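Notes follow once the structure below has been shown.
Computed from the coordinates by the stated procedures, all read-outs in this text should not be read as laboratory data. None of these values were measured; they are calculated from a predicted model. Please note: Cβ atoms are built from the backbone with ideal geometry, for glycine as well, and neighbour counts cover all protein chains shown.
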Amino acid sequence: MVTFTVKDTKAETVTYTATDATDSTTIAQTTAVSFTAGTLDHFSIATITSPQTAGTAFSITMTAQDASNNTLTGFTSPVNLSTSAGTIGPAGSGPFVGGVRTESVTLTQAGSNKTITATDPISTKSGTSNLFNVNAGTANKLAFLQQPTGTGGGSTITPAVTVQIQDVNGNLTTSTASVTVAIATNPSSGTLSGTKTVNAVSGVATFSTLSIDKAGSGYTLTTTNGSSLSNATSNAFNINVGNAAKLVFLQQPTTATAGASISPAVTVQVQDLGGNLVNTSTASVGMGFGANPGSGTLSGTTLVSPVLGVATFSDLSINKSGTGYTMSATSAGLTTATSSAFNITSGTATSLTVSGYTSPTSAGVAHNFTVTALDQFGNAATGYRGAVTFSSSDGQAVLPASYTFLAGDNGTHTTFSATLKTAGTQSITATDSVNTLSGSQTGITVNAAAASKLAFGQQPTDTQAGNAISPALTVQVQDSFGNVVTSNTSTVTIAISTGGAFTAGSTKAVAAVSGVASFSNLVPTATGSFTVSATDGTLTSTTSSNFNVTPGAANKLAFGQQPSTTTAGNAISSSPTVKVEDQFGNVLTSDTSTVAIAISAGGTLSGASTTSATASSGIATFANLVPTASGTFSLTASDDSLTSATSTSFTVNAGTASQLVFTTQPGGAVESANLSPQPVVKLEDSLGNVETGDSTHTVTLSITSATGTAGAALACTNTTPTLSSGAATFANCKIDLPGTNYRLHATTNAGAFSMDSSAFTITSNAAKLAFSTTAITGTINFCLGPVAVQTQTSGSAATHPGSNVQVDLSFTAGTGSFFSDSGCSSGTSNVSIPISATGVSFYFKGTSTGTVTIQAADHAGALTAATQNETINLRTTTTAATLNPTSVVVGQASTASVTVTDTATGTQSNPQGTLALSSSDTGDVSGTCTLVASGLNAATCSASVTTSKVGTSPHTITATFTTNDSLHANSSGTASLTVAKASTTTTVALTSGANPSASGASVTFTATVSAVAPGTGTPAGTVNFKSNGTTITGCSAVALNAGSPDTATCATTSLALGSDTILATFTDTDNNFNGSNGSTTENVDTAPAITSANNKTFGVGMAGTFSVTATGTAPMTLGCKVSATDVIDPCTLPNGVTFVDNGNGTGTLSGTPTASTNGTYQFAFYATNPVGANTQSFTLTVLPRPTAPSTPTYNPGSDYDGIV
């Protein structure tokens, strides 16, 4: 017998037959076996046709199937329905019948590739339909897609507002219907502009030109499409004040008087495109004319900056009256505004004008003219009612009577008449004396009438005989009004009255030119008083006024009384006179010009002489001419351009002798050499005239007493010559001794007259100064000398000076002082070499070291100066230094004691200066200490010396003395200092992160390295950080961060779990400090992490369990709460279900959900330990109790033995 098992994947009834394989005979046959479907695996949804329409119901058929697609005929539960096409109605089906359910459904969302899914709420098994498209339904409503956004008043709303035409479910249709928009909420009574009705394109109406003029908050738009579609209202939006775009007159200009400010003040607003006031604008606004009917000028401030968006023009005025003026407001980039029309009226009359009188005209002809009253701007003053009177530049004019203006004149009267009679350019003037107004018509040309008479224009004037009458005499041909008839060219004849005569060459008949006959060559020859007469045919003749003919002009001078012989110093007794004559030799008795007198060459007149005199009756008299020089002379008289006159010769004799005079002063010379020049002495009167007639007196010459050098002698060829023509001349005069202020004394015999010469000098042959002692070497500030200096010739021989020599002493190199005594107690700056000596000595102290140069200079500068170099040395010193202790570590102090000693010979003193300490290791030790006097010849100090490095040990410490007392020399001394490394300590601590810390968390350790006393300083080097003996990555050689204290840090995230020993080891890098280490302990734990699934399904009435697991370091706490973001609220579980923390990193969710607890429960599990926390959102689904499917059974038949 063979037993076998069969499996069918299809729910069906089957009969099985066993057939012998060898001969195909039937061995046995089973009864019918029924196979039922398996458990629910999925739902199959019959093909859904495409497209469907949103909002329109259609049917779907769903079949519950097992994994082999067998219909589960026993499945009767309803299922949940969902879709990718918005929402589906209903959301759940009715019960399945025989495993199949046909449901009428409606979808809400249009679109492509949509699906419907059926889901069993208990097992969550599901099935999804084929892809299909869903079209929008019938157009039903409007909706704003692009909402209106805020913008400036009058500006286009951007982006463009768009409105969709949608079906009832909000799907975009393809409708092309027209859509109209309007303002719904209108907070500022704004106006919506632009294209407000638009045809939709593919269901979208786009409004790209909308704008609202008035600014406001909370505007909304609405569609207004009647009852065909449901209207929509937009979101609220704001219309802001936009950018400045245009100008608008707020206060329009009003009618004003010419020149008066327009009131109220004109104001202009700066507005945006919507007409909103832009109160932030400060763009300058300019004002000008729009229409200018009166050709006026706009005055006032025409460029204004707005305040709060309003430009106020408070002082505008227009000077010309007119009707229909307008103004134009402009601003860069803004639309110009033009005002409404207004008028300008004339003001009060401020002047009168006269016009219309005919020009040119003829004398005696009447013409009309007009008078107009004008305001200050030239407008006709229509309200003028004043009274005017008339005047004219023409004294013969016939003028109208005074006139009072009437209302009908409107400021202008045109019928005034006047007659002008005087030829030439005339004017007519109208005057209102009450209102102080006047006006004239000038430039009226009046021509003469017909010729009638003669009249003299230029009367004859007084003249001199022989000269033409000047200016030229003129005769006018005139009309009856006395006007020159400029067209007349007739001949006019002139005759002189009785007793008068003209030269034969005088022109006495002349043809008129432009009505005037001019006589330019009438030359009278007789003197006296005359008239001339003019005749011209039938014209009335005329006679001139009287004129005089006088003698000719002054032409020359002539002596009347000649000068006579006189004595110097006395007036010429004849009192010379000089006459002023014309060219014919006649005295001009009327002449009062000034005549000047001068004496000929060599002569002089005393200052008291009257050398100029005013002519009286044409004669100048000179009564006080006093000659002072003797000789023969003449006088010359002059008077500006008149021909001068020279007198006859006369003699002036010298006066009485009264003085001796050196006419040639003696000049200086070298001793015993001839004076140059040699002296000359003359005998003179009191006026300096030489007594040339004196040859009898002798003159003796000698050295003036108390002048020059005592004992000096004068030698001449002849020291007592006799005068020759009043003069004594000396030859070969010389003086034997040098000296200054020499004078010579001259005296006549018997001592009647004497005189001293001017001073002169006799010089010696000394040429220079020179030092006669050798150079000196000495010590600073000690008395040195004597030093001798002498006068020498150019050949270097000692010689006496020509005069006492002041020798000025100075140092030209180095410094010092001079003294006159060997003890250097009496200071001096100069010494003297008298004439009697050849030299002088002095002493000095050098106050600077090295070479000092002494200069001896002649104060007078006559002798060449001398210099000599002397050598000045400082006092020697020694410097000694000791250290205590002599061995230190880096940073340890040692005390340096230093003594500086004066070791020079002579009087010793305490050295003064500075003491500097330094080390043989560069930059290691530096400093100073203050020296204090010790005893009579030393100075000491002590200072702390601290080394900052080992360097090259031992160090040589050098103490360097630098003098500042200008007496002692510098010196230095040394001491030896052994330097060893300083010890250190190293500590390490956690400075960032926690202890314990979570695995992988960042922790930072800081090592601090410090010098150990007595060492000090800042260790330099690296720190190696290890964890449990292994160098931490990135922390093998961390450089110390120099500071106080020195630190190095190590940050890591790679510590091992458990207890970590952190060891920090310091290694010195500059050989100044010994190494050291320190340690700390860090514990590392693992933060919790929930690793179990985040969802579980339980069934109503069915026991369920779920284990929550978490990893991490114990101890750990597990629990549940409302949500992952909640802090303290416990979760809510279905009745019959609980959660328990097992205390080992796990928790158990278990229990049997009670009836009516089916549904979805959202909450969160959490796990915490000392280093962290973890939260997991969790979903528990409780299904309703399921319906159990039928289970198929099979019982095999009898045994069978064979192959099937």
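Worth pointing out:
- Order of K214, K114 under a 10 Å beta carbon neighbour criterion, fewest first: K214, K114
- In the structure shown, the pairs K981/K1026; K682/K734; K768/K845; K508/K579; K949/K1026 are assessed against 31 Å; a Cα-Cα span above that value is assigned to K508/K579.
- Segment T878-T928, extension gain: residue separation times 0.36 nm, minus the distance between their alpha carbons: 16.3 nm
- By the Cα gyration tensor, the chain has an equivalent ellipsoid whose semi-axes, rounded to whole angstrom, run 134, 88, 22 from largest to smallest.
- Scaled radius of gyration (Cα, divided by 2.2 N^0.38 Å) that the range 351-447 gives: 1.04
- Summing +1 for each Lys or Arg and -1 for each Asp or Glu among the other residues whose beta-carbon sits under 11 angstrom from that of G1058 gives -3.
- From phi via Karplus (6.51, -1.76, 1.60), per-residue ³J(HN,Hα) for the range 559-569 in Hz, x at Gly/Pro: 6, x, 8, 7, x, 10, 4, 8, 9, 3, x
- Amide hydrogen neighbours beyond the local backbone of F1098, cut-off 5 Å, H modeled: T1181, V1182, L1183
- Förster radius 60 Å - calculated FRET efficiency between T853 and T946, Cβ distance, rounded to 0.05: 0.80
- Mean Cβ neighbour count within 10 Å, used as a protection proxy, ranking 815-824, 115-124 highest first: 115-124, 815-824
- For V690, net neighbour charge (Lys/Arg +1, Asp/Glu -1) across residues whose Cβ lies under 13 Å away: -3
- Positive-end residue, the chain charge dipole about Cα centroid, Cβ charges, pick of L522, N133, S676: L522
- Put in order of Cβ neighbour count within 10 Å, fewest first, the listed residues M755, M1102, M327, M62 become M1102, M755, M62, M327.
- 9 Å beta-carbon shell around A712, net charge (K/R +1, D/E -1): -2
- When each of K1096/K1121; K196/K246; K114/K1096 is checked by Cα-Cα distance, pairs over 21 Å: K196/K246; K114/K1096
- Dipole axis of the chain (+1 Lys, Arg; -1 Asp, Glu on Cβ), positive-most option in Q441, T102, V304: Q441
- 5 angstrom amide H check on L374, placed H, neighbours 5+ away: T350, S351, L352, T353, A381
- Distances between every pair of Cα atoms in the range 790-923, grouped in 5 Å steps from 0 to the bin holding the largest one, split as 2, 8, 12, 14, 12, 10, 7, 6, 6, 6, 5, 4, 3, 2, 2, 1, 0 percent.
- Dividing the convex hull volume of the alpha-carbon atoms in the range 393-509 by its residue count gives 171 Å³ per residue.
- Test item: Cα-centred dipole of the chain, Lys/Arg +1 and Asp/Glu -1 on Cβ, debye: 1660 debye
- Stokes-Einstein diffusion of the range 1089-1183 at 20 °C, 1.002 mPa s viscosity, Kirkwood radius from Cα pairs, rounded to a whole number: 160 µm²/s.
- Fewest-first ranking of V681, V516, using other Cβ atoms within 10 Å as the exposure measure: V516, V681
- Relative to the Cα centre, the charge distribution of the range 657-760, modelled as +1 at Lys and Arg Cβ and -1 at Asp and Glu Cβ, gives a dipole magnitude of about 180 debye.
- Amide H contacts under 5 Å for V979: V888, H955, restricted to partners 5 or more places along the chain or on a different chain, H placed in the peptide plane at 1.01 Å from N.
- A Cα-only calculation for the range 556-646 places Rg and Dmax at 12.9, 39 Å.
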